[in-house]
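Sharing a structure with you now.
The values are calculated or read from the model by the stated rules, or taken from the named source; none is laboratory data. Note that this is a predicted model, so its numbers are computed, not measured. Every residue, glycine among them, receives a Cβ derived from its backbone with ideal geometry; neighbour counts consider all protein chains shown. With ligands, DNA and RNA removed, areas are computed over all heavy atoms of the protein, side chains included. Shrake-Rupley method; radii C 1.70, N 1.55, O 1.52, S 1.80 Å.
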Amino acid sequence: MSAPTNPSFDVAHLGHVEIFTDRFEESLDFFTRVYGLKCSAQEDDSAYLRAWDDYEFHSMKLTRAERTGIGHVGYRVASPEALERRVAAIEASRFKSLGWVDGDRAHGRAYRFEDPFGHVFELYWETVRYEAPEADRSALKNLASRFTGNGVNTRRIDHVNLLGEDVSEFRDFAEVCLGSRVTEYIQLDNGRLGGVWFSVNNKTYDLVCTEERGKGHGRLHHVTYATDTREDILKAADIYLENGVFIETGPHKHAIQGSFFLYAWEPAGNRVELANAGARLILAPDWEPVCWTEADRKKGQAWGLKTIPTFHTHGTPPVEE
């Protein structure tokens, strides 16, 4: 690994992810009725979804497609000047620039670029803040919308995990293009990186790249939303059970990053996580990235639960045999 890095703070936070589904109506029903997201708008082949405390118009763009997986990952920058600095850094790098797009219903123009494995990222400044109608307005002035307790009742978007054939390449991409810093990583015995966790702010992580072991390319591992408490995640397991949702693993506690988790597959097969991730913050400006070895990982998760095989091989879109 490289020496400790500090985020540039040009990039403020993970804003949204676009998820492709080939079972649009079923996926939309899951994300709204079961997962607890709110639909800000639906037009053409996309629904703009958000958790009740996401301040932007959307944090997930669910798009009808012939395949599953990730459409793009959007980050909001800290200022118009920060956007210019990041674009200059990207265009001066060895990574692929796609150029400017006009944006969509939820934000203004954005600059798009690709990681080494074909995942599309975009950076934007101008955004649409969610303006709650009377029926969705919170009694508290500092909340973006009403607390409804609907379904799993996710509070905000937390992170996205992508799969890559060479995690070292993605590490360079995230540091150069996003100005991210590494908070934790897995060092394999063969010298390769098994996974790296990144942050652009004081959250412990908002982006992860883990090694592709399923012979795919440019795939999504999972997208994660945060809940208020661990108890919410325990209740979510019961909600999933009653709604026929496939629970892949958990509830349990991660060793890496320490978050309480529950993984499931939505109807189209995209993996989604719930995490109670708000307890840990990176406050040290000279944070030393935490290294996890293969021996560490063979011990399993924090309380000994072994990582199941599909967690290393399942991603979306599925790989054609």
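For the range 1-155, what % of the accessible area comes from carbon and sulfur atoms, probe 1.4 Å?
On the range 1-155, the fraction of accessible area on carbon and sulfur atoms equals 46 percent.
Under 5 Å between amide hydrogens, which residues at least 5 positions from His252 or on another chain qualify, with H placed 1.01 Å from N in the peptide plane?
Hits under the 5 Å cutoff: Phe261.
Alpha carbons only, please: Rg and Dmax for the range 1-160, in angstrom.
Over the range 1-160's Cα set, Rg and Dmax evaluate to 16.7, 51 Å.
Right, next: Taking the square root of 5 times each eigenvalue of the Cα gyration tensor, what semi-axes in Å does the equivalent ellipsoid of the range 197-321 have, largest first?
Here the semi-axes work out to 23, 20, 15 Å.
Heavy atoms only, 1.4 Å probe, whole protein assembly: order Thr63, Thr293 by accessible area, highest first.
In descending accessible area the options line up as Thr293, Thr63.
Work out from phi, with θ = phi - 60° and the Karplus expression 6.51 cos²θ - 1.76 cosθ + 1.60, the ³J(HN,Hα) of each residue of the range 309-316, listed in order in whole Hz, and give x for Gly and Pro.
Values, residue by residue: x, 5, 5, 9, 10, 7, x, 10 Hz.
Using a 10 Å cut-off on Cβ atoms, rank the peptides 245-251, 258-264 from the highest mean neighbour count down.
By packing density, highest mean first, the sequence is 258-264, 245-251.
In vacuum, with every alpha carbon of the range 86-141 counted as one equal point scatterer, what does the Debye formula give for log10 I(q)/I(0) at q = 0.16, 0.20 Å⁻¹? Two decimals, please.
-0.60, -0.75
Okay, next question. For Gly69, list long-range residues whose amide hydrogen, built 1.01 Å from N in the peptide plane, is under 5 Å from its own amide hydrogen.
So Gly69 has HN proximity to Phe20.
Read phi for every residue in the range 148-162 and hand back ³J(HN,Hα) as whole Hz from Karplus 6.51 cos²θ - 1.76 cosθ + 1.60, θ = phi - 60°, with x for Gly and Pro.
9, x, 7, x, 5, 6, 5, 9, 7, 5, 10, 7, 10, 10, 10
In terms of solvent-accessible area of protein heavy atoms at a 1.4 angstrom probe, what is the ranking of Arg109, Arg181, Arg67, highest value first?
Arg109, Arg67, Arg181
Now for a separate question. Please report the spacing between the Cα centers of the range 4-39 and the range 70-100 in Å, no decimals.
With the range 4-39 and the range 70-100 each reduced to a Cα centre, they are spaced 19 Å.
When you take every Cα atom in the range 1-80, what is the radius of gyration, and what is Dmax, the widest Cα pair distance, in Å?
Considering the range 1-80 through its Cα atoms, Rg and Dmax are 15.1, 47 Å.
Next up: Just the ratio, please: alpha-carbon radius of gyration of the range 90-195 over 2.2 N^0.38 Å, N its number of residues.
Its radius of gyration relative to the 2.2 N^0.38 Å reference: 1.44.
Let me ask something else. What percent of all Cα-Cα pairs in the chain falls into each 20 Å bin, going from 0 up to the bin containing the maximum distance?
33, 62, 5
Probe radius 1.4 Å, ligands and nucleic acids ignored: give me the carbon and sulfur share of the accessible area of the range 234-321 as a rounded percent.
Roughly 60 percent of what the probe reaches on the range 234-321 is carbon or sulfur.
Tell me, what is the per residue accessible area of the chain in Å², probe radius 1.4 Å?
Accessible area per residue: 43 Å².
May I ask you to derive the relative contact order of the range 186-321, considering only C-alpha pairs under 8 Å and at least 6 residues apart, and to give it as an integer percent?
Computed over the range 186-321, the figure is 29 percent.
Below 8 Å between Cα atoms, with a sequence gap of 6+, how large is the relative contact order for the chain in percent?
Value for the chain: 19 percent.
How big is the range 135-239 in terms of Cα radius of gyration and Dmax, in angstroms?
Reported Rg and Dmax, both Å: 17.4, 56.
With every protein chain kept in the model, how would you rank Tyr35, Tyr130 by accessible area, 1.4 Å probe, largest at the top?
Descending order: Tyr130, Tyr35.
Would you mind calculating the relative contact order of the range 1-133 from Cα pairs under 8 angstrom and at least 6 residues apart, reporting the percent as a whole number?
Once normalised by length, the contact order is 26 percent.
Per-residue HN-Hα couplings for the range 242-250, Karplus 6.51 cos²θ - 1.76 cosθ + 1.60 at θ = phi - 60°, whole Hz, x for Gly and Pro?
Coupling constants for the range 242-250: 6, 10, x, 7, 6, 8, 7, 6, x Hz.
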